[in-house]
Amino acid sequence: MSEPTQESAYVAFAAAAWKRHYGLAMLLTGDPHRAEELLQDCLVKLYVRWRRVSGGDPDAYLKRMLANGNVSWWRRRRRELLTAVPERHDGRSSLPPEADDELRRALLALPGRQRAVVVLRHYADLTDTAVADLLGCSVGTVKKAHHRAMQRLRTQLAPPDPGPAPAVPRPHSQEIAR
């Protein structure tokens with residue numbers, strides 16, 4: 001990347017991509033520190049491949065790198081730690097503004113694969129086939145994980161059941177005749 005135009009194009013892309021892709025990394029990992037680390041690692045790897053990638057769709061390439069990087073981390077860990085997302089010291093949420101706290105907590109309570117499927121399907125707006133390719137599984141596995149995740153989210157996010165409706169007294173036949 002000796003050309004100054006290639007390097008400046010990468011720097012401009014990386015600055016804009018950080019803002020665009022941090023939310024995706026945050027939702028994939030569930031942890032702001034891991035999200036920053038994942039995004040930074042992917043941007044460093046993208047720098048090495050920039051000359052080849054810049055002619056295509058670098059955003060799509062970075063999304064795939066984020067998903068693959070997160071899956072690799074799962075495989076290295078072999079178990080999932082679910083942690084609450086701490087607030088940043090300035091009081092603002094570390095998630096994108098459109099994601100509310102209740103939904104964030106519900107997403108973090110999902111198992112890792114289910115959370116990844118929901119985030120990639122709804123936040124990154126990918127198809128079942130694209131999610132299956134990213135996660136290295138079949139489309140059927142993605143659909144099954146999505147179905148189970150949505151069931152669990154509906155249960156967690158459903159309003160509390162108010163109980164049975166109060167019985168309405170019916171008038172007796174004598175009262176109706178009057």
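The values are calculated or read from the model by the stated rules, or taken from the named source; none is laboratory data. In this text the structure is predicted, and so the values were computed from the model without any measurement. Quick reminder, even Gly has a Cβ in these numbers, built from the backbone with ideal geometry, and neighbours come from all protein chains shown. Note: accessible area is taken over every heavy atom of the protein model, side chains too, but ligands, DNA and RNA are not part of it. Shrake-Rupley method; radii C 1.70, N 1.55, O 1.52, S 1.80 Å.
Remark: the range 60-72, residue by residue, has Karplus-estimated 3J(HN,Hα) of 5, 4, 5, 4, 5, 4, 5, 4, 5, x, 5, 5, 4 Hz, where x stands for each Gly or Pro and the curve is 6.51 cos²θ - 1.76 cosθ + 1.60 at θ = phi - 60°.
Taking the alpha-carbon distance from Lys143 and a cut-off under 27 Å, which lysines remain once sequence neighbours fewer than 8 residues away in the same chain are dropped? The reachable lysines, counting only those whose Cα sits under 27 Å from Lys143, are Lys63. The accessible surface of the range 98-148, taken with every protein chain in place and a 1.4 Å probe, is 50 percent carbon and sulfur.
Here's how it looks for Leu126: its modeled amide H is under 5 Å from those of Arg121, which are all 5 or more places away or on a different chain.
The residues packed around Leu27, meaning those with a beta-carbon under 10 Å from its beta-carbon, carry a net charge of +2 if Lys and Arg are +1 and Asp and Glu are -1.
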